[in-house]
């Protein structure tokens, strides 16, 4: 009998652009609730939300007001979702703006198991600093490496948005045993749109695992840096697209992932067997 897992992604436009930071966050949390319930009704076993899911993508600005959006992880939002996870026997990947201590903030994803237990977190390692994406103002680079989480249904890894441009971490997630890697993102139309369907299928093929790739939709005021183009998708270890969302709609997409395919593919494409790590030493040096 195949070891199959039903996985889901929710892509969502921002719910509210005016009001206090906390009001804006609560509106976005509430907007996700019908999609969470829909995921439960459709039998989703592992569900991933988008990057910093409970609010807008505020990084086009550089203002300390948005530091108020940060919270402890685990903390109030994970606690609310732990109850949902336990009730519905659903694994959740929950991207949040994390406050570690005064002045120290991370772009983080918490992982909650199907019994509601908090398994741990991943902190985004690669932080961009470019027009419209002033993330170094808000986020310290991650310091937890590339962990994987053994959930009830599968071993899960997380990469966040800009991380996807770096194959090194994607490989480490595979070496650590990830079967499904989720990449929650916030990316607008432009140069990166071509790469959206290129890099992550390549990671899936090079490392022999499934990927769930998620992007926002809509244009977010007051920054208006461009249109978040959606197209969230699942891809298998052969690089085949299993499900894909629209460019502009709030929606849940699901796919059934046959995890037995990982073994099958790796017996043909022996990339782990044929690696030559003893020749890669220069990769860990800061070369020009």
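No lab work stands behind these numbers, since they all come straight from the coordinates. These numbers come from a predicted model, not from an experiment. Cβ placement follows ideal geometry from the backbone for every residue including glycine, while neighbour counts extend to all protein chains displayed.
A few remarks follow.
- Mean sequence separation of contacting Cα pairs (under 8 Å, at least six apart), scaled by the length of the stretch 203-288, corresponds to a relative contact order of 24 percent.
- Relative contact order of the stretch 4-273, pairs being alpha-carbon contacts under 8 Å that are 6 or more residues apart, as %: 20
- Where a label projected 7 Å from the Cα of residue 18 along Cα→Cβ would reach, residues of the stretch 198-241 with amide N under 15 Å: 221-223
- Theoretical FRET efficiency, 1/(1+(r/R0)^6), r = Cβ-Cβ of residue 198 and residue 285, R0 35 Å, to 0.05: 0.80
- Using a simple spin-label model with pseudo-atoms 7 Å out from Cα toward Cβ, residue 189 and residue 240 lie 3.1 nm apart.
- Exposure proxy ranking, count of Cβ atoms within 10 Å, fewest first, for 164, 273, 80, 216: 273, 80, 164, 216
- Burial ranking of peptide ranges 34-41, 85-92, 217-224, 275-282 (average Cβ count within 10 Å, highest at the top): 85-92, 34-41, 217-224, 275-282
- Normalised by the number of residues in the stretch 176-232, the average gap of Cα pairs under 8 Å and 6 or more apart makes the relative contact order 41 percent.
- Using distinct alpha-carbon pairs, which all enter the 1/r mean, Kirkwood radius of the stretch 1-89 in Å: 14.5
- Helix-only mean residue ellipticity at 222 nm for the chain, each DSSP H run of n ≥ 4 adding -39500 (n - 2.57), per residue, nearest 500: -7000 deg cm²/dmol
- For the pair residue 83 and residue 150, the difference between a 0.36 nm per residue extended length and the Cα-Cα distance amounts to 22.2 nm.
- Prolate/oblate/rounded call for the stretch 148-288, Cα gyration tensor, a/c under 1.5 rounded: oblate
- In this simple spin-label model, placing a label point 7 Å from the Cα along the Cα-to-Cβ direction at both residue 33 and residue 130 gives a separation of 3.9 nm.
- Largest-first ellipsoid semi-axes for the chain, taking √(5λ) over the Cα gyration tensor eigenvalues, angstrom: 28, 23, 18
- Whole-Å distance, taken between Cα centres, linking the stretch 209-288 and the stretch 44-78: 21
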